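Note sheet for the following structure.
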Ligand code: SF4
């Protein structure tokens, strides 16, 4: 087992990227709350809905998936899931959906509160469970739902037909929102948002690619936290600045030979799937105590939203991880594994996310073969703590480590 | 040099004393695993069997679900690696190991030096594990050790279509009530386990020779059904249940030699 280097951790510098990113993530909730109190309309928004639209219109939105992750990480996943299950929702449904539907009913969770919605923004480029989840919210709360349908893409490129289909829906969503909220779309403001979002994305991609250094200047679990800002705030200038700061810190760590992974980095793996939020400490300690650093995840690639114009933006949303085919998804991961000198792949078979986990058996087999690395998977759930076994996780991680050790 | 391997599973405790990493000097196997008094008792019995004392042991390695809680161990190592090492010691030609234990099933592939290359384990479901057989034996009121005898007498194996242990339980009860003979039901149960595990095995490329380890390996009904489903003959050793402990003792030996 790797020895923890017993150094006193300095208090968090308020100017550090970590502190800034934490503030931005928290502000996403507080500013929406403030908007609500001013009498403005607030939306609930799915994570891969084109955030540029509400941002350009100046609309406050919050993200139920983020909220559910926060609630689960703070230990209330089971309580909330039980509420929606007692309403008749099956425990086979995504736990984010179950938590969110429960929150819409009880309207309070001290673990992570957020304002109630006046409208809903739904995009199914990550899954179709989203549609029913938001439809039910819309019915229960009697509020409008704006829906963008992005079909699963069997090709590597986005065809002109798909682009036309999606573009028309983006335009229609803008029109609906203008009508609903009285806010006006401005091309000038949109350009600004697009530029900032590009800046934030470039910094994120560059920061996450610092994992190519050996040892990596960061603990991959950091990314899981910082990612919240990429989801909720990438169109904001503070986010761009904080991500650039993060990049500078990682480069500096590399030069100084230090890392936020505070033990000796003996092995480097890729982690596949959403984090097991209710068991974050257990899953991260199981790796860290063995000197295993999770240096990369598909999130490193997924939030690189870089585009030049409206059409390009539409294409970017057609290419988010869950909307693309197995081969394309696999190739993206192989690239990450090779660029970051990954020695093993740990797959979270997430009982909540059928879409993500469904083709993972075959995809991880192909990745393992292409990169000549061992693959281990464990059962878990992003937000329902009842679907995880610590002993099972531990054995598989140890097995993975023993193979990597034998191959050194 | 004597080394010691202890495999603390969910339902059994197994110990092996090895001399110079290549000779089994003593062994023990008790029902009762993690959280019971069996591990301590198994340790005592294996040492007695090998005529050694604690101070004669140069190193101890623990494996199995209880490995982290066994305080006297110098090393703790996963049962995946240990089953690989143990099986390779008994069958030097083995490349694929199918282990069906009390609460999980795993398929391990080895390289030609006996090192683990990859592994797959069952998901959280109990189907395809020893627990499934325990539950079924319990319904039929026959000892789990006798399943094999009953299965051999089957004329027409029953079809158990549910993979879920709870569903299969009611399926077996209703077939029993419908007058299906016990041997036919037992054969159907064995085939159900084999079907589940062979699907797991086929996800890793099966390279012969193939052997089985773990408690369920004793059951020829499951073994034969599995062999048919994967299309390879399956090696069996009376030591199958001890592979984990043998592997742990070999691991302890190798580590000690390296350290010296
Ligand atoms: S976790 Fe999976 S199923 Fe749940 S909302 Fe996200 S993509 Fe959909």
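A short reminder: the numbers here are calculations on the coordinates, not readings from a lab. Every value quoted in this text rests on a predicted model; they were computed, and no experiment measured them. Cβ: placed from backbone, ideal geometry, glycine included. Neighbour counts: every protein chain shown.
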Once both labels are modelled 7 Å past Cα along the beta-carbon direction, what's the residue B:176-residue A:186 spacing in nm?
-> 7.6 nm
Rounded to whole angstroms and listed largest first, the alpha-carbon spread of the range A:193-318 along its three principal axes comes to 46, 33, 21
In µm²/s, what is D for the range B:94-236 at 4 °C and 1.567 mPa s, where D = kT/(6 pi eta Rh) by Stokes-Einstein and Rh is the Kirkwood radius from Cα pairs?
-> 86 µm²/s
How do B:255, A:236 line up, fewest other C-beta atoms within 10 Å first?
-> B:255, A:236
Once both axes come from the Cα atoms, what is the angle between helix B:79-90 and the longest principal axis of chain B, in degrees from 0 to 90, rounded to 10?
-> 80 degrees
Which value results when the Cα radius of gyration for the range A:17-70 is divided by 2.2 N^0.38 Å?
-> 1.14
Note to self, chain B gives a 222 nm [θ] from helices alone (DSSP H runs n ≥ 4, -39500 (n - 2.57) apiece, / all residues, nearest 500) of -13000 deg cm²/dmol
How high is the relative contact order of the range A:17-184, in percent, with contacts defined as C-alpha pairs under 8 Å that are six or more residues apart?
-> 22 percent
Packing-based order for B:42-49, B:3-10, B:21-28, using average beta carbon neighbours within 10 Å, highest first = B:3-10, B:42-49, B:21-28
To the nearest 500 deg cm²/dmol, what mean residue ellipticity at 222 nm is calculated for chain A from DSSP H runs of n ≥ 4 alone, each contributing -39,500 (n - 2.57), summed and divided by the residues?
-> -17000 deg cm²/dmol
Looking at the P(r) of the range B:130-181, how many percent of alpha-carbon pairs lie beyond 12 Å?
-> 66 percent
Taking the convex hull of Cα positions in the protein assembly as shown, its mean projected area over all directions (nm²) = 32.2 nm²
What percent does the relative contact order of the range B:94-236 come to when contacts are Cα pairs within less than 8 Å and at least six residues apart?
-> 30 percent
Bridge orientation stat for the protein assembly as shown from DSSP, antiparallel percent rounded to 5, came to 40 percent
Cα atoms only, the range A:287-343: Rg and Dmax in Å?
-> 14.2, 47
Would you mind checking the tilt of helix A:160-181 against the longest principal axis of the Cα atoms of chain A, expressed as 0 to 90 degrees and rounded to 10?
-> 60 degrees
Inter-label distance for residue A:15 and residue B:203, nm, one decimal - labels placed 7 Å from Cα along Cα-to-Cβ | 5.1 nm
Would you please state which residues of the range A:217-238 a label at residue A:260 would reach in this model, taking the label point 7 Å out along Cα→Cβ and a backbone N cut-off of under 12 Å?
-> A:217-229
Between the range A:195-243 and the range B:164-183, the alpha-carbon center distance in angstrom | 56 Å
Given the options A:277, A:204, A:185, state which has the largest fluctuation in a GNM of chain A using a 10 Å cut-off (strictly under) for Cα springs.
-> A:185
Comparing A:142, A:226, A:348 in a Gaussian network model of chain A (Cα, 10 Å), the one with the largest mean-square fluctuation is A:142
Evaluate 2.2 N^0.38 Å with N set to the residue count of the range B:65-141, then give the Cα radius of gyration divided by it.
-> 1.28
Have a look at B:34, B:139, B:108 and tell me which one the Gaussian network model of chain B (Cα, springs below 10 Å) gives the largest fluctuation.
-> B:139
Chain B, relative contact order [Cα under 8 Å, separation at least 6], % | 25 percent
Kirkwood-based Rg to Rh ratio, the range A:287-397, C-alpha trace | 1.00
Residue A:306 paired with residue B:40, simple spin-label distance in nm, labels 7 Å along Cα-to-beta-carbon | 6.4 nm
Averaged over all viewing directions, the convex hull of the alpha carbons in the range A:94-233 casts a projected area in nm² of 11.6 nm²
Rounded to the nearest 10 degrees, what's the angle between the helix B:243-259 long axis and the longest principal axis of chain B, both from Cα atoms, 0 to 90?
-> 20 degrees
Across the alpha-carbon set of the range A:17-184, Rg over Rh with Rh taken as the Kirkwood radius works out to 0.97
For the range A:118-174 and the range B:208-253, distance of Cα centres in Å | 52 Å
Coordinate range along principal axes, alpha carbons of chain B, Å, largest first | 64, 38, 30
Sorted from fewest to most neighbouring beta carbons within 10 Å, what does the list A:23, A:98, B:95, A:333 look like?
-> A:23, B:95, A:333, A:98
